[in-house]
Amino acid sequence: MTSQPDRKALTRAAFAAAAVLTVVTVAGAAPGAGAAPASPAGTPKLKLIAASKAVTLDRWEGEPGVYLDLGTYVTVDGAPLELNVTRRSYKDPVVARQILHNGTRTTSKTLPAGLVKDFSGLPGFLEVSVKNAAGQEVTRSKGTFCPNNASGRLRPDAPATSHYPESCSTNPFTLGSVWGVEKGWAANSSTVDYDKPVDLPVGEYTAMVSVAKKYRDLFGIPDDHPTIKVTVRQTGDGGSGGGTSGGGTAGQRAASPSDPHSQHAMGAGHAGHHFGPRGADAPTPGALPHALEARGLAHHLGDGLGHTDGSRVAPALRADGRRPTGRAGVPANVPKPDLRSLPAWDIAVTDGEDGDVPGKDYLAFSANVWNAGPAPLVVDGFRKPGADLMDAYQYFYDAHGKQVGYAPTGTMEWDPRIGHEHWHFTDFASYRLLSADRTRQVRSGKEAFCLANTDAIDYTVRNANWHPYNTDLSTACGQQNSISVREVLDVGSGDTYTQYRPGQSFDISDLPNGTYYIEVKANPAHRLQETDLKNNVSLRKVVLGGTPGARTVQVPPYDLVDAP
């Protein structure tokens with residue numbers, strides 16, 4: 001990658017920050033100002049609004065078009081908008097239910113079958129028509145609405161914070177999500193289609209936005225059509241165009257050359273290769289939730305000194321600082337985590353990355369181990385002076401959050417390789433490439449990791465934490481001179497690792513063509529204490545073909561999930 005700032009992150013960040021502030025300013029003139037008419041108890045009242053009458057979009061030199069950050073919002077009043085989106089297994093379709101709270105009574109309404117197909121949001125929700133100065137329609141599109149998208153309060157008497165998750169999951173093996181907008185809040189509806197820039201030449205346009213009829217009928221949304229004046233201007237590579245209507249401050253911070261995180265993210269990389277969300281600089285398309293990309297956090301991609309990529313930035317987690325005292329032990333009935341592995345995805349053949357052997361064929365993939373609860377996985381590492389390893393301990397807590405036990409659970413090691421440079425917890429997961437009959441190990445992979453909550457896998461399980469503390473590995477990996485480290489995998493969340501780093505993918509150069517299985521195994525040495533050890537293994541079928549130097553891979557669907 002080049003050393004230029006991440007222009008997409010800059011543009012999105014600047015607009016998202018400004019748009020949220022605009023909503024608060026316009027609708028928050030006085031308590032209750034702009035409130036929607038009263039709706040039946042427990043039923044949210046939704047409305048589509050435009051935060052601003054005009055926006056300026058930058059067309060960056062060398063980019064294929066502009067991103068339609070129009071600043072439209074879905075406002076919610078009367079009651080919160082809440083949806084539970086689940087599937088019983090990968091053999092079952094996704095089912096979405098609207099949750100209605102009326103005092104102490106809670107009811108649900110199932111949305112039409114097939115309306116919601118995955119966990120990224122409500123598909124085809126927003127309809128956008130853009131006309132040029134002559135009144136001719138130049139583009140028409142539909143966008144997915146994630147209720148957990150970038151949001152803001154409508155009134156000063158609205159809840160101060162939102163208890164709903166901050167994004168909609170794009171992990172193909174997600175099992176359960178919760179989407180919601182608090183009463184008196186508005187969620188951004190136009191920060192969609194970031195992977196689909198629109199080829200609009202420099203000039204003046206008018207955008208008209210509306211909610212699709214099927215959603216208007218379903219949620220009782222008025223048939224409003226906000227219009228926004230759009231100015232498209234040309235901006236050079238230097239990134240000095242000033243961003244959108246809100247200015248470029250947020251985006252410039254997001255990709256500032258003085259930011260060590262963005263420096264590494266911009267400087268490391270391997271042109272021409274596809275990288276996953278934990279492997280290197282560029283994320284898997286759609287891997288970062290739109291709301292988080294829009295907040296300017298897409299710059300925090302790539303492994304680097306003391307961190308690896310994540311989608312949100314949180315305060316640093318700190319270990320106790322002292323080794324546990326007293327005799328190690330865990331009460332029999334104490335809540336424990338339940339680690340489960342997801343099938344591999346994002347599978348591709350590469351010719352290796354920096355540090356791999358040139359001329360070889362490698363099978364790269366993404367893998368995730370998640371925690372189904374009911375307790376978080378908490379591991380602290382303590383270092384003896386001058387040692388290259390930390391002694392690791394697993395901690396246990398009662399239902400009130402009081403620590404009630406601990407147990408030694410292996411080690412943490414410092415990984416000095418460029419692109420890593422952080423502390424890894426050993427034996428968290430292992431990867432193997434198995435023969436067609438699944439009886440022989442053909443290749444094995446990495447077994448040490450720095451843990452973080454990178455993906456919301458199932459936020460409907462008991463004790464799921466919708467706001468996990470360390471969603472960014474800069475909060476968990478430590479520095480080379482760290483004396484102690486705390487790493488956490490919270491309930492409902494998983495840790496995705498993409499095997500595009502040197503030594504992590506499988507060398508398939510000398511393997512014959514045919515069928516194999518990628519095995520992902522959580523807690524392979526059983527050093528961590530769990531509620532269930534029988535659900536730690538997943539297998540994903542792959543079929544290798546081609547010739548040396550031009551190997552291919554075919555990945556059949558996994559039940560109903562077609563995610564190669």
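Listed by position, the strands (runs of 3 or more DSSP E) inside region 354-405 whose residues that are touching a Lys or Arg at 6+ places or on another chain (Cβ under 6 Å) and of a type in the set (A, V, I, L, M) number at least 1 are 389-397.
Looking at this structure, is Lys229 of a type in the set (Lys, Arg), within 26 Å of Thr460 (Cβ to Cβ), open to solvent by 10 Å² or more (accessible area, probe 1.4 Å) and not in a loop (DSSP other than H, G, I, E, B)? When the stated conditions are applied, Lys229 does not pass them.
Take the residues in region 380-414 that are of a type in the set (Gly, Ala, Ser) and open to solvent by 20 Å² or more (accessible area, probe 1.4 Å); name whichever of them is nearest to Asn333 (Cα to Cα). The extreme case among them is Ala399. Looking across Asp157, Asp92, one residue alone is surrounded by fewer than 22 Cβ atoms within 10 Å (Cβ to Cβ), under 27 Å from Val491 (Cα atoms) and touching a residue at least 40 places away in the same chain (Cβ under 8 Å). It is Asp92.
For every residue, the table says whether it meets (1) surrounded by 21 or more Cβ atoms within 10 Å (Cβ to Cβ); (2) under 21 Å from Tyr459 (Cβ atoms); (3) out of contact with any Ser or Thr (no Cβ under 6 Å at 6 or more places or on another chain).
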position	(1), (2), (3)
Pro112	no, no, yes
Gly121	yes, yes, no
Ser129	no, no, yes
Asn132	no, no, yes
Val138	no, no, yes
Gly143	yes, no, yes
Pro147	yes, yes, yes
Ser151	yes, yes, yes
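Can you find a residue that is modelled with pLDDT under 65 and of a type in the set (Lys, Arg) anywhere in region 336-353? Scanning region 336-353 turns up no residue that is modelled with pLDDT under 65 and of a type in the set (Lys, Arg). Listed here are the strands (runs of 3 or more DSSP E) enclosed by region 451-564 that have at least 2 residues being farther than 30 Å from Ile99 by Cβ and modelled with pLDDT of 90 or more: 514-522, 537-547, 550-554. Looking only at region 413-439, residues that are at pLDDT 85 or above and at positive phi come to 1 in all. Only residues that are farther than 16 Å from Leu451 by Cβ and touching a strand residue (DSSP E or B) at 6+ places or on another chain (Cβ under 7 Å) were counted across region 383-411, and they come to 13.
Looking across region 148-189, not a single residue is closer than 25 Å to Pro93 by Cα, modelled with pLDDT under 90 and not in a loop (DSSP other than H, G, I, E, B).
The values are calculated or read from the model by the stated rules, or taken from the named source; none is laboratory data. All figures in this text were calculated on a predicted structure; none of them were measured in a lab. Glycine also receives a Cβ, built like all others from the backbone with ideal geometry; neighbour counts cover every protein chain displayed. Note: accessible area is taken over every heavy atom of the protein model, side chains too, but ligands, DNA and RNA are not part of it. Shrake-Rupley method; radii C 1.70, N 1.55, O 1.52, S 1.80 Å.
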